[in-house]
1. Criterion first (at pLDDT 95 or above and farther than 14 Å from residue A:6 by Cα) does residue A:110 satisfy it?
2. Of the conditions (1) over 17 Å from residue A:22 (Cα atoms); (2) surrounded by fewer than 18 Cβ atoms within 10 Å (Cβ to Cβ); (3) of a type outside the set (Lys, Arg), residue A:43 fails just one. Which one is it?
3. Residues A:34, A:51: which one is within 14 Å of another protein chain (Cβ to nearest Cβ) and modelled with pLDDT of 95 or more?
4. Got a sec? Which of A:30, A:7 is crowded, with 20+ Cβ neighbours inside 10 Å and not polar (S, T, N, Q)?
5. Of all residues in segment B:49-76, how many are out of contact with any Phe, Trp or Tyr (no Cβ under 7 Å at 6 or more places or on another chain), under 16 Å from residue B:16 (Cβ atoms) and in contact (Cβ under 8 Å) with a residue 24 or more places away in the chain?
6. Criterion first (within 26 Å of residue B:91 (Cα to Cα), in contact (Cβ under 8 Å) with a residue 40 or more places away in the chain and of a type outside the set (Ser, Thr, Tyr)) does residue A:11 satisfy it?
7. Filter segment B:56-74 for residues that are in contact with a Cys (Cβ under 8 Å, 6 or more places away or on another chain) and surrounded by fewer than 19 Cβ atoms within 10 Å (Cβ to Cβ) and give the result.
Amino acid sequence: KQEVTQIPAALSVPEGENLVLNCSFTDSAIYNLQWFRQDPGKGLTSLLLIQSSQREQTSGRLNASLDKSSGRSTLYIAASQPGDSATYLCAVRPNSGGYQKVTFGTGTKLQVIP
Amino acid sequence: DVKVTQSSRYLVKRTGEKVFLECVQDMDHENMFWYRQDPGLGLRLIYFSYDVKMKEKGDIPEGYSVSREKKERFSLILESASTSQTSMYLCASSLRGSSEKLFFGSGTQLSVL
């Protein structure tokens, strides 16, 4: 059974700092990996989707990388801002089965201090 | 952009009541999902639908049922609400296909008293 771990559970950084969030998974037979952000009491907003054949995806100040062989993905946030404060979750879709088989991490709660 | 709309942000219900949670998506997605999210447990799949009138049980279907009579609408039904069903409920949708993203609604925080 796939296990997805996000460490640390919480992170606090000063504004302007570059930071990396981690997502580890135990089964490397994945189809894709998606990063989300979740604001308190709200739903998940999709940030980036990386297919298993890709190494990275970029959107604005965000860059997500994928290393299937080591079972890791990282989300890099450049020049962090207070508006980036949220919980960030990764979701791993396996090779076999569709989105109903997705496994979510429990998230990293990020606080960017002005 | 895809819009997934959940009819209520907050709901307060009594034990034993029948509860309906509604979800509508506007992008002709085949797949729709209901999750619940609890602190320390993360997101858990309740039910999944891949087409009109088609459904599959997820990891925690007990105490829930679903209905999908139209492609754009997926309803979650709590036949007899219990306090253990107090949770954040999240609806999601996606196109059928490997490269497609999962899109979520804004969530419904349900409290059962």
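The values are calculated or read from the model by the stated rules, or taken from the named source; none is laboratory data. What you see is a predicted model; the values in this text were computed from it and never measured. Cβ atoms come from the backbone with ideal geometry, glycine included; neighbour counts cover every protein chain shown.
1. So residue A:110 fails the test.
2. (2)
3. The conditions single out A:34.
4. Residue meeting the stated conditions: A:30.
5. Number satisfying all stated conditions: 0.
6. no
7. Hit for segment B:56-74 is B:73, nothing else.
Quick grid of which residues meet (1) free of Cβ contacts under 8 Å to residues at least 60 places away in the same chain; (2) more than 11 Å from chain B (Cβ to nearest Cβ); (3) over 24 Å from residue B:105 (Cα atoms):
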position: A:20; (1), (2), (3): yes, yes, yes
position: A:42; (1), (2), (3): yes, no, no
position: A:55; (1), (2), (3): yes, yes, yes
position: A:74; (1), (2), (3): yes, yes, yes
position: A:79; (1), (2), (3): no, yes, yes
position: A:89; (1), (2), (3): no, no, no
position: A:99; (1), (2), (3): yes, no, no
position: A:111; (1), (2), (3): no, yes, no
